[in-house]
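Here's the structure, in structure tokens; my notes come after.
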Amino acid sequence: MWRHIRTIWHPDEFHYHHIFAKGKAFFEGWYFKLVDREGQQPCAFIPGVFLGDDAHAFIQFLDGRAGRSWYHRYPLEAFKADRGRFSVCIGNNTFGSQNIRIDIDSDQPGHEQRILGSVCIQEPYPWPVTWYWPGVMGPYAFIPFMQCNHGILSLDHALSGHLEIDGEHIAYDGGRGYLEKDWGRSFPEGYVWTQSNHFDRPGISVTASVALIPWLTGTFRGFLVGFLLDGTLHRFTTYNRSRIEELSLSETHLHLRIRNHSHRLTVDAEKAEGAVLRAPYERDMLERVAETMTSAVTVRLASLRPEKVLYEGTGRHACMELQGNLEALLDTGAK
């Protein structure tokens, strides 16, 4: 029990070692975004485990340039996670806070792929963890019945190393990366998410998500938005009394204007073509999530007192997902 409680303040670690013995529906997955220095080969690795009617471990690979994804399936016993630190092994592949080592050699029909190499993560910038706000979930991290939990493990970091992807050598020296994760029972019924840390200079990153959150009294609209600017993280969340002033959505566009007690952030994202990923919905991993890594997101941060624009720019290599019941997200009666 103590180990489970301890992970509240360590969102990067694997959370439910004890779940294996109980057979409960559960998923946990990490999202490693890698963009090389020239931006020619953006990609993402999503290692994880799913417990349900079809329990197994997996590594999804998203090729941002080609707009194609691969789903590499592993037996459940191939998944191993250390206790007390973030270190996950799936087959011959290892994932951690400082590096990833990839050795994928798949001949699964439709998912044939060979990837070999390692990439190091340097100077990550995680969402801060305090005793009362343990990461991006804030006080919701203490709620045991959340449908889906979220962790932002690094808003921006440098990369080094290389990968061989189906015979093509990709160098990541001088590249940039991003790292997050999700765990729980299921992805939300409806949500939007966008992220970029490729602006006009390093050290600038935006991540923004709005989702339908099941609760004791029904469903409410929750949001987690962070904008990193020159070492300062500006936070706009449901629990810090921020509020959405404008939200509009279409199949390809997000417009969000949000404010907290001192700043206003405007986010405009245009979705490009992408690939379909599998995501956990109740008791199965379904091909439902269309994600792109080649979108663009424009942000504008302004102080309220005095009113002054602090930054305005457009991020490249932006990830973006618009999924599920988007009309409910626009319900002005939601919190």
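The values are calculated or read from the model by the stated rules, or taken from the named source; none is laboratory data. Because the structure is a prediction, the values reported are computed rather than measured. Virtual Cβ from ideal backbone geometry, glycine too; neighbours counted across all protein chains shown.
Brief remarks follow.
- Pairs with Cβ under 9 Å, 6+ apart, first in segment 129-158 and of a type in the set (D, E, K, R), second buried (at least 17 other Cβ atoms within 10 Å of the Cβ) and part of a loop (DSSP other than H, G, I, E, B): Asp156/Pro124; Asp156/Tyr125; Asp156/Asn197
- Test: residue in segment 302-309 that is within 19 Å of Ala44 (Cβ to Cβ) and of a type outside the set (Val, Ile, Thr): no
- Restricted to segment 142-158, and to residues there that are crowded, with 22+ Cβ neighbours inside 10 Å and aliphatic (A, V, I, L, M), the residue that is nearest to the chain's Cα centre (by Cα) is Ile152.
- Complete set of residues in segment 117-141 that are buried (at least 17 other Cβ atoms within 10 Å of the Cβ) and of a type in the set (Gly, Ala, Ser): Gly117, Gly135, Gly138, Ala141
- Criterion violated by Arg300 - all others in (1) at pLDDT below 90; (2) surrounded by 14 or more Cβ atoms within 10 Å (Cβ to Cβ) satisfied: (1)
- Residue within segment 231-238 that is hydroxyl-bearing (Ser, Thr, Tyr), within 15 Å of the chain's Cα centre (by Cα) and surrounded by 20 or more Cβ atoms within 10 Å (Cβ to Cβ) present: no
- Selection of segment 254-276 for residues being at pLDDT below 95 and surrounded by fewer than 19 Cβ atoms within 10 Å (Cβ to Cβ) yields Glu270, Ala272, Glu273, Val276.
- The one condition in (1) assigned to a loop (DSSP other than H, G, I, E, B); (2) out of contact with any Lys or Arg (no Cβ under 8 Å at 6 or more places or on another chain) that His261 fails to fulfil: (2)
- Flag for Gly324 being in contact with an Asp or Glu (Cβ under 6 Å, 6 or more places away or on another chain) and on the phi < 0 side of the Ramachandran plot: no
- Ser118 vs. criteria over 18 Å from the mean Cα position of the chain (by Cα) and either acidic (Asp, Glu) or in a strand (DSSP E or B) (or both): yes
- Within the option set Ala141, Ala158, being among the hydrophobic types (A, V, I, L, M, F, W, C) and either part of a strand (DSSP E or B) or modelled with pLDDT of 95 or more (or both) holds for one residue only, Ala158.
- Unmet criterion (only one of (1) surrounded by fewer than 18 Cβ atoms within 10 Å (Cβ to Cβ); (2) under 14 Å from Leu163 (Cβ atoms); (3) under 17 Å from the mean Cα position of the chain (by Cα)) for Asp103: (3)
- In segment 292-299 there is at least one residue matching the filter, namely being farther than 28 Å from Pro214 by Cβ and out of contact with any Asp or Glu (no Cβ under 8 Å at 6 or more places or on another chain).
- Within segment 163-201, the residues that satisfy the criterion of being among the polar types (S, T, N, Q) and within 14 Å of the chain's Cα centre (by Cα) are Thr194, Gln195, Ser196, Asn197.
- Scoring Arg73 on the criteria (1) in contact (Cβ under 8 Å) with a residue 40 or more places away in the chain; (2) touching a His at 6+ places or on another chain (Cβ under 8 Å) leaves a single failure, condition (1).
- Lone unmet requirement of (1) of a type in the set (A, V, I, L, M, F, W, C); (2) at pLDDT below 95; (3) in a strand (DSSP E or B); (4) surrounded by fewer than 17 Cβ atoms within 10 Å (Cβ to Cβ) for Met285: (4)
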